[in-house]
Each structure stands twice: as structure tokens, then as C-alpha cells.
1. Here are the criteria: (1) within 28 Å of residue B:432 (Cβ to Cβ); (2) more than 16 Å from ligand 2 (Cβ to nearest atom). Tell me which single one residue B:531 does not satisfy.
2. Would you mind finding the one in B:175, B:127, B:141, B:108 that is more than 27 Å from residue A:321 (Cβ to Cβ) and either out of contact with any strand residue (DSSP E or B) (no Cβ under 9 Å at 6 or more places or on another chain) or open to solvent by 60 Å² or more (accessible area, probe 1.4 Å) (or both)?
3. Here is a check on your reading of the model: is residue A:252 in contact with an Asp or Glu (Cβ under 6 Å, 6 or more places away or on another chain), assigned to a helix (DSSP H, G or I), within 14 Å of chain B (Cβ to nearest Cβ) and β-branched (Val, Ile, Thr)?
4. Under 9 Å between Cβ atoms, which residue pairs at least 6 apart in sequence (or on different chains) link something in region B:99-116 that is at the interface with another protein chain (Cβ under 7 Å from one of its Cβ atoms) with a partner that is among the hydroxyl-bearing types (Ser, Thr, Tyr)?
5. Which residue pairs have Cβ atoms closer than 8 Å, lie 6 or more positions apart in sequence or on different chains, and pair a first residue in region B:684-711 that is among the basic types (Lys, Arg) with a second residue that is within 11 Å of ligand 2 (Cβ to nearest atom) and not in a loop (DSSP other than H, G, I, E, B)?
6. Is it the case that residue B:563 is part of a loop (DSSP other than H, G, I, E, B), crowded, with 18+ Cβ neighbours inside 10 Å, more than 16 Å from ligand 1 (Cβ to nearest atom) and in contact (Cβ under 8 Å) with a residue 24 or more places away in the chain?
7. Anything in region A:33-48 that is in contact with a helix residue (DSSP H, G or I) (Cβ under 8 Å, 6 or more places away or on another chain), without any contact (Cβ under 8 Å) to a residue 60 or more places away in the chain and under 22 Å from residue A:287 (Cβ atoms)? List them, or say none.
8. Scan region A:305-316 and give yes if some residue there is open to solvent by 10 Å² or more (accessible area, probe 1.4 Å), in contact (Cβ under 8 Å) with a residue 60 or more places away in the chain and within 14 Å of chain B (Cβ to nearest Cβ), otherwise no.
Amino acid sequence: MLKFLLRRFANYLVLVALATTMGYFLAATSLNARANYEGRNPRPSQTSIDAKLNELNLNNHTPVVKRFTRWAGDFVRGDMGKTFDERPVWGEMKQRMGVSLRLLLLGSLFGAALGVAMGVIGAVKQYSFTDHFTTAWAFVLLSTPVFLLAVLLKFGAVKYWNAHVPDSVHLYYVGEKNPGLTGTSFVLLRDRIAHLILPTLGIVLGQVAFYSRYQRNSFLDVMGSDFLRTAQAKGLRRRTALIKHGLRTALIPMATFFAYSFGLLLTGATFTEKIFGWHGMGEWFIDSIAKNDINVVAAVIVFSAVLILIAGLIADLLYAALDPRVRIR
Amino acid sequence: MTLDLPAETPTGRVVPGTPGAVLEVRGLTVSFPSESGTVTAVRGVSFALSPGEVLGIVGESGSGKSVSSLAVMGLLPSTARISGSIRFQGKELLGLGDREFSELRGEGMSMVFQDPLSALTPVYTVGDQIAEAVRIHRDVGKDEAKRKAVELLELVGIPNAKERSRAFPHEFSGGMRQRVMIAMAIANDPDVIIADEPTTALDVTVQAQILEVLGTAQEATGAAIVMITHDLGVIAGFADRVMVMYAGRPVETGTVDDIFYRPRMPYTLGLLGSLPRLDRAERQPLTPVDGNPPSLVDLPPGCPFAPRCPMRLSVCLELEPDLDPVRSGDTPGPGLHPGHRAACHRHREIEEQGLTATDVFPAQLAGEPPVARRPRESRTAVLDVEGLVRRFPLTRGAVFRRTVGTVHAVDGITFDIREGETLALVGESGCGKTTTINEILTLARPQEGRVAVLGRETTGLDRGGRREIRRDLSVVFQDPMASLDPRLPVADILAEGLKTYGVPREKRAARVRELLRLVGLGPEHASRYPAEFSGGQRQRICIARALALEPKLVVLDEPVSALDVSIRAGVINLLEQLREKLSLSYLFVAHDLSVVRHIANRVAVMYLGRIVEIGDVNKVFETPAHPYTQALLSAIPLPDPRKERERRRVVLEGDLPSPADPPSGCRFRTRCPLFATLAPDKAQRCIDEEPAVASQGPDHGAACHYAEVKTVL
Ligand code: SF4
Ligand code: SF4
């Protein structure tokens, strides 16, 4: 088992290296950092621009392969280069990763759990009102762009919740916490949660819709399966058979799904982060592209590739835990 | 005693039960809503089962046999509408809720399903699944249940039961999984076991093992068994009584001997007459039953078999016959037996005149093509295969592919086919017969050995050469639906090959008509699409397509195994007539040895990539010299109850070894019954030295160091 995981790890590592390399090349050839300086007023001299660009490893006159080797060499030594305003990339990245993970982890865990539950209910009660109702909502949510959803959430919080339910938690929609607030750790935690609810909902809703559709289908497959009939023929009641024999089998395809969608959520969360003023990785990514900040873009690419690597490994572990067929290798 | 069958209970009126019956079904009707209307899958089934009795229910797909059994188990989907009466030990089951029913399932009645591959939950160990069955109905601890599971596994013949109980279903072969299913079914000493096609997905030697295990299971529990199958051979040796079903109703019931020796309903006659016989050297004409079973939506009045029945009268179209006693004043047999009954207006005539299948159905027997009258040696070889080898690398990993072994799919086989003859390649799954024909059909240079089609070696052929040979070599596959493009009308399908070879348009149309006539279809079929045809007709279209370019050699890859029994005979007859008329040669690949005996002149038996016995079909079947051939032949159930009762089977132990790691020396030695009895010094030879095919007489060879003729049929 360990050997299998190690081998998978090696596979993923190769993929991460490939993805990062390609990402770097794409960013380095399509983003032009020189323009930032040339557009300045007064315009710096050509030599000083070149010197600056060379220092930051952003000079588009240097062949991209050479830039990449320098970047990769630094990267291996633990140096991810500097941002445009000459701060180390890693320093900011640490902070932003924390922000993103706080948002994504909760959002996708809740999203997956609720989605699976809804999918199962939809499948068991196929064609009932509940099924039609959840299906309709899932499609509405899936077809609503994330930013619209975020804006709607914000609107709902301001107009209805905060205005009409005054005694409850006041929902905040900007940032992670109130900067000036002091008090016991309980007060601080409560403040954080009040900030977390809306953006998390923004992610959870989309995820629930997504998972419920897949889980519904995978559970419907299982419901028609022969082994479920065997379980009933042994004397299990239908409900028990569904839960004991059906659910676990239906979860198998979801394991891979869960892990990868977690890795890919990063891009989806970009809008959520932007709209709710969370300074996470997604926001950084968009901002740095606008600023032609190649080193930051490369760093974000590395981050998402590593996220997918971890997600892949978790998926393998989940898979192996759920499905004995993949264990023996 | 008297028995009034069937008891109508449209209102759910309580009907007095048959005393002594463990299971009694009366007037069972099942219908499902569907898009095209209400499907009445079961239309009045009645039977009573005495303790310990084996009832065989025979029928083709759609006859309602499986639906009836699921109804008895209460496992039909909730959309099904069920009426009639099902009594288990006198207790009415219809109308029971899931909770009450589940207390009975697995305890009083249990079931063995067809496909052991999907019928076990993949994520639990087999031991746990059996233990679960025990614990549902018995108040025992976990360890106790596990111990019981191991005992049950031992009973059904799983070696190292304790260790194997911790394995998962996917680590078992199909036969072993079916044993697990049986173990699960008998876990609580049921009174009734329903086995729904329990051996259908399995190879013959494994089928023989499973039937034996079922017998053991019955002995151990004393349960009555309902055996549902489409295979009359399986029933003959196993059942006490038989019920033949057609279009949702029983059409004939009686003791096995009644049904097999004195069938009195034309459908039963046709069914039995359409079976090629493994045990008869003289080729018998097969009686094809033309047409198809009716659709169960809006069934017209009258006898459902009428459209296919040569004995049909006008009354048959108006009045559906009852299931009446065949002999007037027939006293029902001992116990619960309702005697011999048939649902046919003319069963009296059949009885009085003693009509047989060939009297009722038109039957022909094709002869040999003219060229085959010449001695074999003087005819030219249309296919010559020598020392053919095909190995596949066994790889693993998605990004870093690496070879972890080699599968020896075909390992040095030699045979030839002469003009106008049929050679059958037989063996169980994994023996390499499919790989062999794929190798031949690709016309590429083989990894080792040589292949020559019509005298031309495939090694060194260029594209043009291959194209020329393709004209003379065509193929018919097992699944006609998958091999016909559903978007093309039949005329286009047949003309495709002609077009590629530049036959002008006018000629093509004429040829298409000719081809349709050749395979027994009409010119009006040319403009229809494959979906409008039944399975048998589709296979005829595939045959017509294969003949379009007037080939000399046709490769037939299991051409009838996807077809229902009654339709099979028609296709077999057609293939034989075509061979005679067009002087074709066939390479016939099949696992059904009865069909092979009927159609082939010569046969090659394969095991794990090697030919173990080859020669004239009568010699190989009458006087098999290789222990594997003997086991294979003896495993095949004969549709002849008396013979079945007297036969002693050679049941092979264990499963096929992995072709990636075949045993040293003789590949069959791990399962060879002869090897097991050899003295150590003699046995050593089997371990060290791989036997080559050695002559056992004219046109008969076997690859065994200690080959010894033994009759098994
Ligand atoms: S009732 Fe008529 S149609 Fe039906 S089987 Fe008998 S003779 Fe044939
Ligand atoms: S060679 Fe030996 S092991 Fe092989 S079939 Fe003959 S007796 Fe059996």
C-alpha cells in the first residue's frame, strides 16, 4: 500500500513539475513586465529599466528558457522571487494561503457533505416532489455565475438578515474580521464566524448543487445493481441494504471527484474572494495578471499544482479506503 | 388427491392451500407500466413445490421465468402490479410489507442469482457478506457468525476457506463467486432455494462444478429447489419436474421424463428438436422454430405460440388453450404432482399419433459440398497455421508504463483447414481461441510461426496483397447488433464491401437482392434498418454481409451463442446449407460443443493457449484421448434425463491458471485428473516436459504423455 502511494506520489510530482513549467512559460511569454515601467511618468531610462527587470528576472529580452532556469533554480533553493513592488513572494504567499484555505476547506467540506446527502435523497425518492425540487434548485445554482451569487448573498444579508433579524448574528460581507475589535477570544471567534458565513455560503451552494447531481446519478446506478438485490435476498430490509451496501459503493466515484474539485475550487473562489474582500490566492492571481507580475503568477500556479497533488493523494487514500479492488497492487 | 389449477383469485380471495406444499403459487400475474403500454410479463403461473423437490422452469428470454421468481421473493420493483397468490408454508406472501417479507428472505427462502460478478457487494469481504446473512436471522455474535461463514465456504468447496473468507469478491473467479452465492443462500437452512440461471455465465467445466455444489447444498439443507434456466440440458439431470414457459405462461408441465421423452406441446417439441445433440454420431436434422416470441404488450387473443406454430388451426387464433392434462383420466403422480399437462388445442392428436419434432416442424439436413467428397489430403488448404504465437505484455501504471509480465495467449498452435470443411476451435474462456482468430484476421506478420490464407503467407504481404486476401476471407461475429451500423439500411450494409471492391452500382443492387434471398430474407427487407429486425434476422444479415464478396473461408466467431435456443437452430441450418451450396470453408469458434458436433468436420480443443486435441469430430467426441477433452465433454449436460441419471462426471478441480504464469511442462497438470493418479516417476514427465500433439490414429492427435482413449458420452 505504501509502495503504491509512493509511486502515485512520484507520478503526481512529475505532473506538478510539468504543469508548473508550462504555466511559467505561458505567463512569461504572454505577460509583459516592461510595459509597466515604460508607462511610468517620468519614463525611466532604458538601462535602468533593464537593470530592474534583470534584477527581478522579468526581462523579456532575456530568452525565456534562461529566465525559467533561473526561476527554477531559485525555486529549488526555496526562493520564489520577488513581487513587482520588490517584496519576497513567499512572505505574502504564506498569508494568502492561510486565507484561501480557511475559506475553501470549510466551503468544500460542507458542500460535499450536504451535496452527497441531497443526492442520496434525490435518488431514493426519484421523481418525487423532493427530487424535482432539489434538481431544479441544483440547476438554478449551477447556472448562476459565482459573482452573481455572491452579490445576491451580500444583498440578501444587508437588506433582509441584518435589517430584519436584529437580534441574531450580524453578517459581515467585507474581509475576515473587524480590524479594531478587541475582547476575549470568544468575541474574536464570533466575529470571525460572522465574517465567514457569507463567503462560505457562496462556495457551499455551488458545491452542493454540483455534488448532489453526481451523487444522485451514482446512487441511482447502485440502486439498480445486482448486489443490492442480493443483500435484500439475504433478508436485509431495503433501507438497510441501501445504507450498508449501497452508500459506500456509490461514494467510490465521489472520492476522486471530491479531491479534484477541491484542487480546482481555487479558481472558482476568485470571485468570492474579490467580492467579499478576502485577500486570498484567487484575488492575488487576478491582480498579478493585471500587473504583469510573472513571479506571482508562477507562484500561484505552483500553489494550485501542489494543491492538486495533495488532492490526488487524498483521493487515492479515500479510494483505497472505500474500494478494496484498488488496494492490492 | 385432486388439484384444481389454476386458481383464479382476482379479488385476493383466500384459496385453500395444497397440503404439504412448501411453496405454492397460484394464478400469479405480474405487469409493469412501460412507455409502450402495460407489459404483462407473467400471465397466470401456478405450481406447487413439495419439500425437497427440484422444479425446473425453462423458457427463453422474456418468457417470464425470472420475473415469476423475483415475485416469489418479493424483489420486484415497486412499479410492478402483482396478483394471484403466493404461499410459503401456507402463509400468503402477497401483500406483505418489506419488514415482514425481509424476515422470510434468506431464512425460509433464498435465492442464487445469475451473474456472480455483480451479485456480490464489491466492498465487503465474502466472509463478512455470508456472516451478515447469518446474523440477520440468528442472534449470534460476530465471531460465531464468522465461524459459520467459514464452515459454509468449506461446504461449497472453497479451499483454504478460513483464509479465503477474508478475500473480496473481485479476488475470486466466476465459479468461486457462485459458490459464495450458494453458501450465502444456504446460510440459514432455507426450505426453498430459487436458482435463477445459476450457471449461465460460466464455462462448462465450472458449470458442472456448480451443479454438483448445488446438489450438495440441497443434501445439506433438504431444501426444495426452483431451478430457472434456458438450458434444457441443465434441467434434464437436475430436476424432478419441469415447467416450460412461453410468453408469460406455463405451456407444458410434467416430470422430466414426460417433458423430454413425451413432449405434447408444439413449442416444447420445437425447443427439444432444435437442440443439436452431443451424444449422437449420426447428425440429426434440427427443427428451427421460425419467428419470434410475441411482445407482451397487448397480446392478441388465442394461443401466444400460434404465429410460429405449424399445427395452428383457426381456433388457435381465438381461444387461448388451458393447461390441460395430456391423458384423459390421467391420475396425478405421487405427492403434489399434477401430472403431465400441456396448453395446446391439439395435444390429444400429438399424444395419440406420437408426433415428434420432425413431424411438426420442417427440418432439413444439409449435405457436404461437392468438393468435400474428395479425400481430405487431396484438397487444397484454405488456411494453414503453423506454430502461431501471440504474447501480450502485461503493463501497469499510467505515467510510467512498465512491463510486469507476459500473457501467453496463444503459444505455438498448428492446424489447417481444407476446402469445403469446417474446423471448430473450442475451449473455455481464456483458452486463446479468440486471440487466434484475431491473429488470423489481421493478416499481419505473426510474432512467431506462420499463417497462410489460400496459400499466401501473411508475412511480407503489402497492403494490396492484404486487400486481395480480404476478399476471400470474411467474418461473422457473436453480437449481431454491435456489428451492424444502426444508421444504415440493410441494402447499404450489404453493399458496403462491394463498393470498396469497385463493383458497379447496377450489379450491387442485384447482388444485394441475391444475398438476402440466400440467407432467407426477402427483397423488401433491403430498405429497413437493423433495429427493425430480431436477433436471428440480424445474424442472417451479418452472414449475408460476410458472403457479399464470395469468400472462400468464413470465420464464425460464436455466431449463435447470443441467440435464443429456438432461433439458434435456424441459423445453424442456414450456415450448413450455405456451406454446401457455395462450397465454403468455415473456421468456427464456439464454446458450445453440441453445436460443434453438429456443424464441424474437425475440431481442435484448446487449453491455455495450446491445442490439446485435434482431429475428426466424431473421433474426438467418441474417443477423446486427452484428459481435458474428456473432462470437457463429460461436463456438458445432455438433454436426456435417463442418460444424465446414469452418467458419471469427471469434474475438474480448481480454476484456470493465469495465462501470464502457466504451469511448467504440461499446462493442464494442475487440474489433470489423470496426473493426480500417476506414479511419481511418471508424473515427473508431465512437470518437466511439455507434451506435443501425437497421433492417436488417422486424423486424430492429442497432446498428452499418457493419452488414453476413454468414452465419456
Ligand atoms: S394451440 Fe394451436 S397454435 Fe397453439 S401450440 Fe397448439 S396447435 Fe399450435
Ligand atoms: S501430459 Fe500429464 S498432466 Fe498433461 S494431460 Fe497428460 S497426463 Fe495430464
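1. Unmet condition: (1).
2. One residue alone meets the criteria, B:175.
3. So residue A:252 fits the description; yes.
4. B:102/A:240; B:111/A:230; B:111/B:69; B:113/A:230; B:115/B:200
5. B:710/B:630
6. Yes; evaluated as a whole, the condition is true for this residue.
7. Those that are in contact with a helix residue (DSSP H, G or I) (Cβ under 8 Å, 6 or more places away or on another chain), without any contact (Cβ under 8 Å) to a residue 60 or more places away in the chain and under 22 Å from residue A:287 (Cβ atoms): A:34, A:37, A:38.
8. In the first step, residues of region A:305-316 are kept if they are open to solvent by 10 Å² or more (accessible area, probe 1.4 Å); the result is A:305-310, A:313-314, A:316.
Subset that is in contact (Cβ under 8 Å) with a residue 60 or more places away in the chain: A:305-306, A:308-309, A:313, A:316.
Checking the rest, the ones that are also within 14 Å of chain B (Cβ to nearest Cβ) come to A:309, A:316.
Among the residues of region A:305-316, at least one is open to solvent by 10 Å² or more (accessible area, probe 1.4 Å), in contact (Cβ under 8 Å) with a residue 60 or more places away in the chain and within 14 Å of chain B (Cβ to nearest Cβ), which makes the answer yes.
The values are calculated or read from the model by the stated rules, or taken from the named source; none is laboratory data. Quantities reported herein were computed from a predicted structural model and do not represent experimental measurements. Don't worry about glycine lacking a Cβ; one is built from the backbone with ideal geometry, like all the others, and counts go over all protein chains shown. Side chains are part of the model used for accessible areas, which takes the heavy atoms of the whole protein and leaves out ligands, DNA and RNA. Shrake-Rupley method; radii C 1.70, N 1.55, O 1.52, S 1.80 Å.
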